[in-house]
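This report concerns only the one structure given below.
None of the figures in this text is laboratory data; all of them are computed from the coordinates on show. Computed from a predicted model, the values in this text were never measured in an experiment. Positions of Cβ are backbone-derived with ideal geometry, glycine not excepted, and every protein chain shown enters the neighbour counts.
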Amino acid sequence: MFVAKSLNAEHKDLIHDVAFDFYGRRMATCSSDQSVKIWDLNEEREWVCTASWKTHCGSVWKVTWAHPEFGQIIATCSFDRTAAIWEESVSDSGRGIHSTWIKRAGLVDSRTSVTDIKFAPKIQGLQLATCSAGGVVRIYEAPDVMNLNQWSPQYEINCKLQCSCISWNPSPSRLHAPLIAVGSDDPNTSSGPKVFIYEFSANTHKWNRVDSLVSISDPVHDLAFAPNLGRSYHLLGIATKDVRVVTLRPVKQESAQSQGNSMSFEVRQAGQFDDHNSTVWRVSWNATGTILASSGDDGCVRLWKANYLDIWRCISTMRGDTVENVAEADSSGGSTQQMGTASTGQHTARYFKLAPTAHPAHLQWH
Amino acid sequence: MRTVKVTQDVPANALALDPYDTQVVIAGRHVFKIFALEEDGLVERANLRAGKHLNLNFSCNDVVWNPLEDAVLATASTNGAVVTWNLNKASRSKLDCVFNDHSRTVQKVSFHPSEAHLLISGSLDGFMKLFDLRRREATQTYTSNAESVRDLQFNPHHSIHFCAVSESGNVQLWDMRRPDRVEKQFTAHGGPIFALDWHPEVKTWIATAGRDKTIKVWDLNENPTVCNTIQTIASVGRVKWRPNTRYHIASSALLWDCSINVWDIRRPYIPLAAFNEHKNLTTGICWRSEANRLLSVGKDCTLIHHAFQDASRPMEEVNPSALDISVFGNISNAARNKDESEPVGSLAKLMPVFRRTVSHAEHSGQVLSSLQLMSPADDGPISSHYIVQSAHQYLLTGRSLAEICEHNAGVAKQLSRHQVALTWQMMQMLYVGASGGSDHPTTTRDDPSLPPDTNPDTETRTARHFSGGDGGGDTSGGGGFSAEEGDTETDDTDNHDMKLTNIASGLTINQDFFFGDGEISQIPFDYEHLNNTDTSQDWTLPNEAFEPRHDILTRSAMPPQEFSSKCLSGEMQDSGGGESGRGGGVSGYVVEAPSLLNVVRGVKMPAWDCGQLVVEMLYHYASQGDVQMAVTCIIVLGDRLKGLLDADQVEHWFLSYIDLLQRFQLWNVANQVIQLAAGLPSVQQLNQQSTVVTLQCGRCNYSLGKNSLLCRKCGCVSARCALCHGLVRGLFVWCQGCSHGGHLHHIKDWMASNRACPAGCGHLCEYT
């Protein structure tokens, strides 16, 4: 199913984040060694490091790409309590094209480590949300998309608990008001829910907390809204001590004067999996929002997908240099097994192992 | 002893331990106290700020305890005085001796490690003085070239040497016997150096730290070299090596960062431990002789005794894993290398005691991540191969509905997406008729295994009927369509009749308004003729209304009598297994056998609205993440779904799909979709945003107005080819530099052999 390939990242410490750009042709990695590296896919379809520079005075926790419509822009956040916006400037010096990344702005409002940074969906313009270990979510906006030097703080939300991760709802629909989910990695399970949902109210120009996921009281390390390409509800993947998939179904409020502006959500936990048997650190969705990937302390990457009954299950496990595909044993029956078995029957288990060198020729089929 | 805190009224600047590790003295501008380190906490023993005449001599910048005589203390005062204190004095004031040799604030004092009467001081006035407490006078003066001395310390291993750091960033090594010249001097930092500490074990190592936010470890051999550099987040005010460990050093910041960080110099990026108890800046730190205890004072007026086990461990709390999925389904994963976290052998051997007391993780040196990229196979569930292929191959417009459906079904089938293929075929049947789906012989056959369900009540609730039978979408009917088109244009009422009949038969609109193969129109939908389709209330028209239909459609593939008498209804499973339930497990979609479609003969034309069903199907696909299917269907079906869809929802789908196509860099398809987004002005506008083209007259450089190629200044037509001087229709290529251009092929030929502009303006045009 997968061809694994190791990249020698040459970061001098842990890599904390990796981010593909909008087109999947560039990749940014950031590390505790305070540097960020940019990788480009060359003609031979190999990833080549095209830039590497020191970005912060502390561990760089996250790196994220802006929509390419705004240019080649990344944002980083760091232990050094700042976040920074970098833009690529390409110069042709005659001996090949050189790209340098220029710091356009530093966001220095936080008094604690900035733990996550995310650009808003394109439809909301050039906006950034950061969250900090001090529990403050800050939303910045570049009023002029051509001038990246200027970022004005727009909103400040105090979450009370230390924040570890943040995610914008990527839905481009006008039906959905802008949403932000914030996760906290506060180790104290008694301090209440660890995932908060904030919604932007266009009427009051404020971000209001509309929900807290009461089912999650363990520290949350990562969360991600699934790309919403047309669903009426939102999907949230959460990495805590296990993998959770939560659906948020907007419920229109009856009262006429609210006019659908303040939504409440019907929260349902669609899946909870402790397959990693250890802390889950990251979750990530595919482009269509149908498959969730999770990685945990066990060194595995697992892929999760809902079957036709909307039951989430693991479809693939990748461990180090081994990839195995979990057979879809259709055990839990529904009213429509007739259809289900037709598909799963022919889909038998396929395991395969990848040699450490990850050369395609070394693939072994079991 | 765990973490204990004592709060004072005023902040302290420095602290020092007595030689027996039982008492600590804190000193500041308005505080000078001794605390005993008891098992259950810190107990105040003495307040040295006593007596009637409290002057500036009592306001301390630094304090040290004599390492040999436990009753002798020395302080550095802000007024430039160096003061010694003797605790054994009988009087209330323990002040022993005041040296007023410095003209500015004394930053640091340091006792000689082996000779109890020697004390050295460093001041902002640029001098260092050696005091002899027996002679009660300054015996030597060392000058640091008028650079303010920020810190100095005797070499604990070779105590005739001392080291001083200055605000200019220089480190000076002195031999205390040679005040005339500095033994060694080098620049260590780019800015002022605020702190210095000799390594307690490694004789040649010193650590320096300064305003450039770095802590540097120097090996003072012949040529001092940097062993390690730790980049911290703020100016460093204090550094102290952790006793009994080779690689650990504690630091506190001068600004901004209130915590005390303990670093492993082999892993200079993440603190090994952090003490976050101070609410304001930490001004002084001091390790106890046992390596797991640390004392500190801060501007928050507290003296804190830290226990190492209470420290936070950033190194262990950091996220060791990174994960992302690209739009193509490539998974990038970085994970901590497990084998790197083994304890360092030499260290464990060197200090067996230490190994027992300190947790495993504290031994780790460098920790690295391995980055792995996993590319999916084309048929993998996460692969987006099918989206790209489908987007490339799907027909959206330009052919008859039947052809489009059939083609798209073929595309889906080729990609092993059987459910999608089947959906296309059903749509073909629903809207065009069975004749179009020539590859479905089973649709006209009764399936004996399924009882024909003829109860209209249950039909509306559970069963799904696929009606067809009309040949309006005949695949070879290009001519037929033209004829029909002509007919509808000439006779509106007839057309209206026709529509109603179609609707009555369950075929909302079965004729296709696309012209045949011969003429692919730029405007694929002729909505003028479709504006009367909102006839949902006219469901129960008599069957006779079919009659004129067959007169028109001479090329119908089906015999008219068969059509009029027969309803083709495909019965599928209940709603759970129907459109909404077939989600497809992972990669294998449910293959719905066409044999499920059941023909019920002789049923009266059921008055049901297949549009609702199709809408349901679209919602289903969209919720399954297959927005491509939803949008493609909407485009292909066009106005057949008018009024049934929520415009906002459709806009959501379109925007999502366009976004997805753009992510795959399928610009052409994306533009086609934008163009075909009928009735969605917000989507159609996408093409008009940020695409301003200003034209300029090639002759006089006057900018042309909108939609005009005629220059208002010189009156010439600008769109002339510079080579053939003819008027260019269609593709016009021109140079942005000189505004000259012409026919694409002319310019292409010209630029292949020339560099200059063909118009002769001398501009070196670039053609790429």
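How many partner chain Cβ atoms sit within 10 Å of a residue's Cβ in peptide B:650-663, on average, as a whole number? Walk me through the numbers before you get to the answer.
Details: counts 1, 4, 11, 4, 2, 8, 11, 2, 1, 10, 4, 0, 6, 7.
For peptide B:650-663, the averaged partner shielding equals 5.
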The range B:184-257 versus the range B:27-63: alpha-carbon centroid distance in Å: 28
Pairwise FRET efficiency - residue A:175 versus residue B:733, Cβ, R0 = 30 Å, nearest 0.05: 0.10
Segment residue B:307-residue B:337, length gained on full extension (0.36 nm per residue, minus Cα span): 7.8 nm
FRET efficiency, residue B:754 to residue A:103 (Cβ-Cβ, R0 51 Å, nearest 0.05): 0.70
Virtual spin-label span in nm between residue A:44 and residue B:616, 7 Å along Cα→Cβ: 5.5
Over 23 Å (Cα to Cα) - which of B:213/B:240; A:160/B:279; A:54/B:213; A:122/A:305; A:122/B:642; B:5/B:240 fall in this group: A:122/A:305; A:122/B:642
Per-residue Cβ neighbour rank within 10 angstrom, fewest leading, A:282, B:45: B:45, A:282
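Evaluate peptide B:377-387: per residue, the Cβ atoms of other protein chains within 10 Å of its Cβ; return the mean as an integer.
If you average over the peptide's residues, the count of other-chain Cβ atoms is 4.
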Residue A:54 paired with residue B:256, simple spin-label distance in nm, labels 7 Å along Cα-to-beta-carbon: 1.4
Least to most buried among B:614, B:717 (fewest other Cβ within 10 Å first): B:717, B:614
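Could you rank the peptides A:55-61, B:27-33 by their average count of other C-beta atoms within 10 Å per residue, with the highest value first?
Averaged packing, sorted descending, gives the order A:55-61, B:27-33.
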Förster-model FRET efficiency, 22 Å R0, residue B:168 and residue B:103, C-beta, rounded to 0.05: 0.75
Packing rank of A:29-35, B:386-392, B:185-191, B:244-250, where each peptide gets the mean count of other beta carbons within 10 Å, highest leading: A:29-35, B:244-250, B:386-392, B:185-191
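Using the 10 angstrom Cβ neighbour count as an exposure proxy, how do A:146, B:374 rank, fewest first?
By the 10 Å Cβ count, ascending, the order reads A:146, B:374.
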Segment residue B:276-residue B:701, length gained on full extension (0.36 nm per residue, minus Cα span): 146.2 nm
Distance (nanometres) between label positions extended 7 Å along Cα→Cβ at residue A:160 and residue B:139: 6.6
